[in-house]
Amino acid sequence: MNVAVVFDGVLAAGLVWAAAGALLGRDRYRAVILFIVFGLLMTLAWVRLSAPDIALAEAAIGAGLTGALLLDALGGTTAATAGRARRWMVLPLAVTVAAVLAAVLRALPVRSGPLPDAVSAALPESGVTHPVTAVLLNFRGYDTLLEVAVLLAALLGVLGAVRHAEPVRLASAPVLQAAARVLVPLMMLAAGYLLWAGAHRPGGAFQAAAVLAAAAVLLALVGMISGWGRPSLRLRCAIAAGPLLFLAIAAPLAGRAALLVLPPQHAGLLILLIEAGLTLSLGFLLAGLFLALLRSDPVDTGKR
Amino acid sequence: MLEFASTALMLLGAGFFFAGTVGLLRFPDVYSRLHALTKADNLGVGCIALALALQADGLASALKLLLIWPLALLASAAVSYAIAERAHALGTPLGDAGADDPP
């Protein structure tokens with residue numbers, strides 16, 4: 001049998017196993033770990049499907065940041081296990097979602113229709129050479145703008161719900177701080193590369209921002225930066241800068257035939273500007289989802 | 001020759017991963033499981049990165065593959081320290097089969 005078929009089979013089985021374990025498991029800690037495993041396996045699946053852009057986003061946001069958030073949330077709950085009734089309630093929901101997905105998948109044409117050809121035909125006018133970036137920031141730029149707005153709203157919700165006013169700083173060991181001192185500069189470098197690479201290969205603002213946010217989460221976990229109590233004015237400006245820059249570029253274009261159509265002669269520069277602003281702001285924004293919720297460690301405060 | 005060396009390193013790496021996995025499943029407590037796991041991380045990843053670097057087309061991608069090794073070494077050393085330290089702080093005893101259960 002073909003090695004690739006075996007690999008894909010094992011991958012698919014692993015995905016189902018991790019998903020079932022994460023949804024139906026009794027132990028919450030185990031469920032969260034399986035959720036992270038699911039995200040990593042999903043990353044591999046996207047690579048196998050030749051979608052490296054989605055794979056990057058899945059690894060950084062799906063498995064990494066969401067995993068960190070879930071683990072953090074776990075520290076705040078008292079019950080280690082989920083009740084049986086609640087667990088089995090998930091099952092019909094999951095089956096329904098799966099059935100809807102399967103129905104949609106059947107309805108989709110096998111070949112993806114006229115869109116890929118239309119994208120490659122318009123690519124020379126987009127200002128970039130990577131089709132995914134062209135779609136995200138030029139042809140469907142308003143989708144991206146609204147996604148950023150949704151994330152911003154999510155952060156505002158978190159900031160509104162958090163009660164502690166004093167920023168928390170975790171205690172940590174020198175070993176971990178030394179590791180972070182080596183890793184964080186490399187992560188900054190990787191984020192810069194992802195931002196720059198987005199114009200002609202997989203990468204872009206979201207992936208770069210997720211790496212920046214991961215660096216901030218790492219620094220917070222090893223106690224080198226503190227969490228957000230109430231974000232300062234400077235921080236709020238940094239969060240708003242990217243979306244505002246995007247809006248400032250979008251506003252003069254508002255009178256044109258379609259929404260957010262970038263003028264072809266400046267499209268490359270405008271996309272780079274938008275992406276640079278979004279990388280900074282999304283980095284703070286995604287990090288903020290974690291840093292705003294940072295609590296003091298129950299073990300460190302309770303036992304030492 | 002290069003192909004042979006690469007295959008041999010790959011097999012050696014797989015061997016370390018296998019031993020590490022068996023150790024992870026069979027060892028009695030957190031600390032000895034960590035010991036097994038870091039062997040797989042440190043030596044297994046190293047062998048496989050080296051094997052892939054031998055097959056890489058071009059020096060740049062070979063060096064990128066080799067860069068994975070020290071980064072994995074650093075991360076695995078720091079993370080296993082963190083896990084062991086936390087287990088110790090929580091009072092996880094040595095040699096207890098149920099010791100990996102989360103608090």
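Here, each number is a calculation from the coordinates, and none is a lab measurement. What you see is a predicted model, and the numbers here were worked out from it, not measured in a lab. Neighbour counts run over all protein chains shown; Cβ positions are idealised from the backbone, glycine included.
Between A:L218, A:G277, A:A173, whose Cα lies farthest towards the positive end of the dipole of chain A when Lys and Arg beta carbons carry +1 and Asp and Glu beta carbons carry -1, centred on the Cα centre?
A:A173
Whose amide H sits under 5 Å from the amide H of A:G198, counting only residues 5 or more places off or on another chain, with H placed in the peptide plane?
Correct list: A:G204.
How large are Rg and Dmax for the protein assembly as shown when only the alpha carbon atoms are used, in Å?
When restricted to the Cα atoms of the protein assembly as shown, Rg and Dmax are 23.4, 72 Å.
Restricting to Cα pairs below 8 Å that are 6+ residues apart, what does the relative contact order work out to for chain A? Please round to a whole percent.
Relative contact order comes out at 20 percent.
Taking only Cα atoms, what is the 0 to 90° angle, nearest 10, from helix B:45-55's long axis to the longest principal axis of chain B?
The angle comes out at about 10 degrees.
Got a sec to turn the phi values of the range A:141-146 into Karplus ³J(HN,Hα) couplings, 6.51 cos²θ - 1.76 cosθ + 1.60 with θ = phi - 60°, whole Hz, x for Gly and Pro?
Karplus values, whole Hz, x for Gly and Pro: x, 5, 4, 5, 4, 5.
Most exposed first by the Cβ proxy, i.e. fewest other Cβ within 10 Å, how do A:L244, B:L52 rank?
By the 10 Å Cβ count, ascending, the order reads A:L244, B:L52.
Note down the relative contact order for the range A:139-270 as a percent, whole number, built from C-alpha pairs under 8 angstrom at least six residues apart.
Details: 99 pairs, mean separation 41.8, N = 132.
It comes to 32 percent, rounded to a whole number.
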